[in-house]
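Peer 1: Right, I'll just put the structure down here and ask away after.
The values are calculated or read from the model by the stated rules, or taken from the named source; none is laboratory data. From a predicted model like this one, the values you see are computed outputs, not experimental measurements. With ideal geometry, Cβ positions are generated from the backbone for all residues, glycine too; neighbour counts draw on all protein chains shown. Only protein heavy atoms, including side chains, enter the accessible area calculation; ligands, DNA and RNA are left aside. Shrake-Rupley method; radii C 1.70, N 1.55, O 1.52, S 1.80 Å.
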Amino acid sequence: MNLEFSEEMNMLQDMLNKFLHNEYSFEQRQTLSRQGIGYSEDNWQQFAEMGLLGVPFDEQYGGFGFGQAGLIVVMEAIGKGLIVEPYLASIVLAGQLVQQAGSEAQKRTLLEPLIGGGLKLAFAYVERQSRYNLADVVCKAVKRGNQFCIRGSKSVVFNAETADKIIVCVRTSGESISQAGISLFIVDKGSKGLSTRDYETVDGLRASEVHFDGVMVDESSLIGELDNAYDAIQTVIDSASAAICAEGVGVITQLRDKTVEYLKTRKQFGQPLSRFQVLQHRCVDMFMHEEQMRSLAYLAAIKVTSDDASESAKSVSSAKVYLADARTIVAEQAAQLHGGIGVTDELDVAHYVKRLTMLNTLFGDRDFHLQRLCSL
Amino acid sequence: MDLNYSPEEQAFKLEVREFLRTNYPKDIKEKVAKGVALKKSDYVTWQKILYKKGWVAPSWPEQYGGTGWSPVQKYIFEEECAAANCLRLVSFGLVMIGPVLLEFGTEEQKQKYLPDILKSDVWWAQGYSEPNAGSDLASLQTRAENKGDHYLLNGTKTWTTHGHYADMIFVLARTSQEDRKQKGISFLLVDMKDPGVSVEPIITVDGMHVVNQVFFDEIKVPIENIVGKEGEGWTIAKYLLQHERTNIAQVPRSKKQIERLKALAEKEQCNGKPLLEDTNFRRKIAEVEVELMALEMTNLRVLSKLSAGEPPGSASSLLKVKGTEVQQAITALLMEAVAYYGFPYDKNVMLDGWQEDPIGPEEAIFLAPHYFDWRKTSIYGGSNEIQKNIMAKAVLGL
Ligand SMILES: Cc1cc2nc3c(=O)[nH]c(=O)nc-3n(C[C@H](O)[C@H](O)[C@H](O)COP(=O)(O)OP(=O)(O)OC[C@H]3O[C@@H](n4cnc5c(N)ncnc54)[C@H](O)[C@@H]3O)c2cc1C
């Protein structure tokens, strides 16, 4: 057993820390988040040059083959810097879906430009009624000759605005809420009948409602087998869930660190707030949660690729439950302990708080994952 | 013990309900129900309607425009207002400076300020907190030098709610340096239109502008604008902080929010069924309801003591801590109810409501910002930690 990062991972981590330190101040992040497309295309190209976009992909397609271990290193940095570039949407979700379910030809044509920074993807999987149930798919694709016609809507599709292509999960057969009968198609953003309504998210990112009004796609746009995409989707969502647990570790680390520092400097009643034991204990609770969260995030990263599906699900959902608890133990306390400035837009703390809170919602909240653990 | 309202109280309840049904403006009601930001004009409109009816200041003595209601009647009024989605009147005039002037003000001050407070013609702000004086309010640094016919005021106040709307601000300022920091503080009434006043917005986590930092630069405050005696400001400040704390628990409002939560969960889907039928979600609502039920009864017990003429004492600290915890728990559940629809954010919709088709459930877009914004309730009005310190000391003698 060896629970240390490999030399390669350490180098990746150093490179990311340097990037955050030199080129990603909170002020720069805020400016990017609020303008234009909500992130920097230059940064994206730089990510490509740094090799970040190839981290989880196999070497034969131009990636680094670092897999989930590589992802946690990148995602932890994304959490630390509150990075707004569409790594989760384009690489972790859509890119991995291609790697997981795509044909040899699709992998060759899609992954190389994706890794090179010339192609961006998004993954549309949420629907108005679906909540966190990945099988609750109503949006339909119907066969017409050797084409498929897609009709329906997808909700809260992260970074669809700047994606060149959208991977969408649709019902091709079966009852709604059945795992069988779900298929994946990759659709050009510019397709006739495809429209998006783009918006900001409360945690400073971008998402869209995506409407398919009789969008026609060729059979070659099918990713994976017809009717049989559910397992691939679940696999990739689990990988992404493990990845955002690592992002959460980055956010929690920052909030704990900033809160401890603040209490040491802020004086009331003639002494630093850090002298008050009740506040010390809250910080210690944050610290313990941070360490336990890190453990579960690493465990999930190791186990998520396990052949034993229930082992994998167990590790991911456990980590996700812990991530949800960070809302009360870390996010709410960080705001509380900062007093008034903890609820202002100006201070970075509120933005870490927002991201950590929304990570609970992403890919299923506490109840959802506890329920899943109970059913394993 | 009898929890039922008397026939008179019951009749009063119906009278209030009927009045609100026929007089409360529909557009404001809708905004409150959805969570759209309120404008100054909304507050003024509703306050003027209540003023005409004579119901604007339940806590004031009748001769100055109060209602002469019993504590139970006040509670009934609050209950009905919450049930009708009434906006909560701004407290700085009616609940803060008004009662202070009634208790400590001169007859001239009462005549000069009280009528405009009732009519909402003059808006007040609270100038207590400073950048370095939050929980430790008594360490405030704003200075007022006695120059004979005026005080020369210099310094800054922060977190000033509605500072950008206010015509007047009541300010705690240091008029002398004494051995104890609570001494030498005076309570001054300052005109916000003085050219020496400047107001800088502070944007909160929900993206809204409600609070401000206020700067005072060489302001001449007329000597008659002091309330009480020079150096006795701390007594007044404390009086204000303890006054009229029975509404602090906000039980009726929380009940209304639970109702709203259930209605929302009835519409949202989970595995093809209403979310409200999901055992996990149901259980979380039940947990808050248990806490709220206890809080309501505790609040009524305090009211009953008040009716019997006993002071509320440190009960207000308990009501504040538990009240804010319940409110915050409900904001979290509202946000959780809409799952992914907690993500969309649009400042313009926050301010004016949807002008086009909503994204997801109509009210969803407000819920995450409200959850984040509501964190403030355990910070302001004496933080929850400070309230616990008070109870530890005053109630338990620790
Ligand atoms: C939205 C909003 C509106 C406001 N409106 C107004 C207004 O209109 N007028 C006005 O005057 N003020 C207003 N305030 C200010 C408010 O009263 C202060 O924020 C509050 O008193 C806390 O002070 P602080 O922010 O400086 O936090 P601090 O006092 O610095 O406290 C930081 C943290 O330390 C904790 N802490 C401090 N002392 C102790 C202790 N002894 N033991 C244990 N824990 C402790 C606090 O509980 C808090 O968690 C407003 C604040 C907000 C957020």
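Peer 1: Only one of (1) within 30 Å of A:Val156 (Cα to Cα); (2) open to solvent by less than 50 Å² (accessible area, probe 1.4 Å); (3) within 16 Å of the ligand (Cβ to nearest atom) fails for B:Leu334. Which number is that?
Peer 2: The one condition B:Leu334 does not meet is (3).
Peer 1: Can you tell me how many residues in region B:263-272 are open to solvent by 60 Å² or more (accessible area, probe 1.4 Å) and more than 10 Å from chain A (Cβ to nearest Cβ)?
Peer 2: 2
Peer 1: Follow-up. Could you check region A:295-331 and list, in sequence order, the residues that are free of Cβ contacts under 8 Å to residues at least 40 places away in the same chain and within 14 Å of chain B (Cβ to nearest Cβ)?
Peer 2: A:Arg327, A:Thr328 - these are the residues of region A:295-331 that are free of Cβ contacts under 8 Å to residues at least 40 places away in the same chain and within 14 Å of chain B (Cβ to nearest Cβ).
Per-residue answers, yes or no, for (1) touching a Gly at 6+ places or on another chain (Cβ under 8 Å); (2) open to solvent by 40 Å² or more (accessible area, probe 1.4 Å); (3) within 16 Å of the ligand (Cβ to nearest atom):
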| residue | (1), (2), (3) |
| --- | --- |
| A:Leu255 | no, no, yes |
| A:Arg275 | no, yes, yes |
| A:Asp285 | no, yes, yes |
| A:Leu299 | no, yes, no |
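Peer 1: Moving on to the next point. Looking at A:Val284, is it under 16 Å from A:Leu359 (Cβ atoms) and aliphatic (A, V, I, L, M)?
Peer 2: Here the answer is no, as A:Val284 does not meet what is asked.
Peer 1: Let me ask another. Pairs please, first residue from region A:267-294 and at positive phi, second anywhere and open to solvent by less than 40 Å² (accessible area, probe 1.4 Å) and within 9 Å of the ligand (Cβ to nearest atom), Cβ atoms under 9 Å, 6+ apart in sequence or on different chains.
Peer 2: As it stands, the answer is A:Phe269/B:Asp136; A:Gly270/B:Asp136, since those pairs meet every condition given.
Peer 1: When the residues of region B:380-398 are narrowed to those that are under 15 Å from A:Val278 (Cα atoms) and not in a helix (DSSP H, G or I), which ends up nearest to the ligand (Cβ to nearest atom)?
Peer 2: B:Ser383
Peer 1: Another question, if that's okay. For residues that are away from the ligand (no atom under 16 Å from the Cβ) and open to solvent by less than 20 Å² (accessible area, probe 1.4 Å), tally how many sit in region A:318-340.
Peer 2: 6
Peer 1: Take the conditions modelled with pLDDT of 95 or more, of a type outside the set (Asp, Glu) and closer than 21 Å to A:Glu209 by Cβ and apply them to B:Leu333. Does it pass?
Peer 2: No: the conditions fail for B:Leu333.
Peer 1: May I ask you to verify whether A:Glu4 is more than 22 Å from the chain's Cα centre (by Cα) and within 18 Å of A:Tyr352 (Cα to Cα)?
Peer 2: no
Peer 1: Take region A:98-113 and flag every residue that is closer than 17 Å to A:Phe64 by Cα, buried (at least 20 other Cβ atoms within 10 Å of the Cβ) and in contact (Cβ under 8 Å) with a residue 60 or more places away in the chain.
Peer 2: A:Val98, A:Leu110
Peer 1: Would you confirm, using the coordinates I've provided, whether B:Ser176 is at pLDDT 95 or above and within 14 Å of another protein chain (Cβ to nearest Cβ)?
Peer 2: So B:Ser176 does not fit the description; no.
Peer 1: Then there's this: Could you please let me know if A:Ser195 is farther than 26 Å from A:Gly79 by Cα, over 19 Å from the mean Cα position of the chain (by Cα), open to solvent by less than 20 Å² (accessible area, probe 1.4 Å) and at pLDDT 95 or above?
Peer 2: no
Peer 1: Any chance region A:68-87 includes a residue that's free of Cβ contacts under 8 Å to residues at least 40 places away in the same chain and either surrounded by 21 or more Cβ atoms within 10 Å (Cβ to Cβ) or assigned by the TED database to the domain that holds A:Val170 (or both)?
Peer 2: Among the residues of region A:68-87, not one is free of Cβ contacts under 8 Å to residues at least 40 places away in the same chain and either surrounded by 21 or more Cβ atoms within 10 Å (Cβ to Cβ) or assigned by the TED database to the domain that holds A:Val170 (or both), which makes the answer no.
Peer 1: Further question on the same structure: Would it be correct to say that A:Val249 is more than 24 Å from B:Gly272 (Cα to Cα), in contact with a helix residue (DSSP H, G or I) (Cβ under 7 Å, 6 or more places away or on another chain), surrounded by fewer than 20 Cβ atoms within 10 Å (Cβ to Cβ) and outside the structural domain of A:Leu20 (by the TED database)?
Peer 2: Spelling it out, it is not the case that A:Val249 is more than 24 Å from B:Gly272 (Cα to Cα), in contact with a helix residue (DSSP H, G or I) (Cβ under 7 Å, 6 or more places away or on another chain), surrounded by fewer than 20 Cβ atoms within 10 Å (Cβ to Cβ) and outside the structural domain of A:Leu20 (by the TED database).
Peer 1: Every residue in region B:1-56 that is aromatic (Phe, Trp, Tyr) and either part of a loop (DSSP other than H, G, I, E, B) or closer than 20 Å to B:Gln257 by Cα (or both), please.
Peer 2: Of everything in region B:1-56, those that are aromatic (Phe, Trp, Tyr) and either part of a loop (DSSP other than H, G, I, E, B) or closer than 20 Å to B:Gln257 by Cα (or both) turn out to be B:Tyr5, B:Tyr24, B:Trp55.
Peer 1: To continue, here is another question. Take region A:340-370 and flag every residue that is in contact (Cβ under 8 Å) with a residue 24 or more places away in the chain, of a type outside the set (Asp, Glu) and closer than 25 Å to B:Tyr380 by Cβ.
Peer 2: Matches in region A:340-370: A:Val349, A:His351, A:Tyr352, A:Val353, A:Lys354, A:Arg355, A:Leu356, A:Thr357, A:Met358.
Peer 1: Here is a follow-up. Within the group A:Val353, A:Val343, which residue is open to solvent by less than 50 Å² (accessible area, probe 1.4 Å), within 16 Å of the ligand (Cβ to nearest atom), within 23 Å of the chain's Cα centre (by Cα) and within 11 Å of chain B (Cβ to nearest Cβ)?
Peer 2: Selected residue: A:Val353, the only one of A:Val353, A:Val343 that is open to solvent by less than 50 Å² (accessible area, probe 1.4 Å), within 16 Å of the ligand (Cβ to nearest atom), within 23 Å of the chain's Cα centre (by Cα) and within 11 Å of chain B (Cβ to nearest Cβ).
Peer 1: Among strands (runs of 3 or more DSSP E) lying entirely in region A:144-253, which contain 1 or more residues that are within 18 Å of B:Phe343 (Cα to Cα) and within 14 Å of chain B (Cβ to nearest Cβ)?
Peer 2: A:147-158, A:194-201, A:206-218
Peer 1: Quick check: is even one residue across region B:278-291 under 22 Å from the mean Cα position of the chain (by Cα) and farther than 28 Å from A:Ser130 by Cβ?
Peer 2: yes
Peer 1: Follow-up question, since we're still on this one. Please state which of the following conditions B:Pro252 fails to meet, knowing it meets all the rest: (1) of a type outside the set (Ser, Thr, Tyr); (2) more than 26 Å from B:Val321 (Cα to Cα); (3) open to solvent by less than 60 Å² (accessible area, probe 1.4 Å); (4) more than 14 Å from chain A (Cβ to nearest Cβ).
Peer 2: If we test B:Pro252 against (1) of a type outside the set (Ser, Thr, Tyr); (2) more than 26 Å from B:Val321 (Cα to Cα); (3) open to solvent by less than 60 Å² (accessible area, probe 1.4 Å); (4) more than 14 Å from chain A (Cβ to nearest Cβ), just (2) comes out false.
Peer 1: Looking at (1) within 17 Å of the chain's Cα centre (by Cα); (2) under 16 Å from B:Gly35 (Cα atoms); (3) open to solvent by 30 Å² or more (accessible area, probe 1.4 Å), which is the one condition that is false for B:Asp352?
Peer 2: (1)
Peer 1: Then there's this: Please identify the pairs in which a residue from region A:114-142 that is within 13 Å of another protein chain (Cβ to nearest Cβ) and on the phi > 0 side of the Ramachandran plot has its Cβ atom under 9 Å from the Cβ atom of a residue that is polar (S, T, N, Q) and assigned to a loop (DSSP other than H, G, I, E, B), counting only partners at least 6 apart or on another chain.
Peer 2: Correct list of pairs: A:Arg131/B:Asn271.
Peer 1: Quick check on region B:313-330: of everything there that is open to solvent by 20 Å² or more (accessible area, probe 1.4 Å) and under 18 Å from the mean Cα position of the chain (by Cα), which residue is farthest from B:Trp374 (Cα to Cα)?
Peer 2: Filtering first and then ranking leaves B:Ala315.
Peer 1: Scan region B:90-98 and tell me whether some residue there is closer than 30 Å to A:Gln271 by Cβ and either within 16 Å of the ligand (Cβ to nearest atom) or open to solvent by less than 20 Å² (accessible area, probe 1.4 Å) (or both).
Peer 2: yes
Peer 1: Wholly within region B:57-142, which helices (runs of 4 or more DSSP H) include no fewer than the required count, namely at least 2 residues that are assigned by TED's automatic domain parsing to the domain that holds B:Trp46 and in contact with a helix residue (DSSP H, G or I) (Cβ under 8 Å, 6 or more places away or on another chain)?
Peer 2: In region B:57-142, the matching helices (runs of 4 or more DSSP H) lie at B:71-83.
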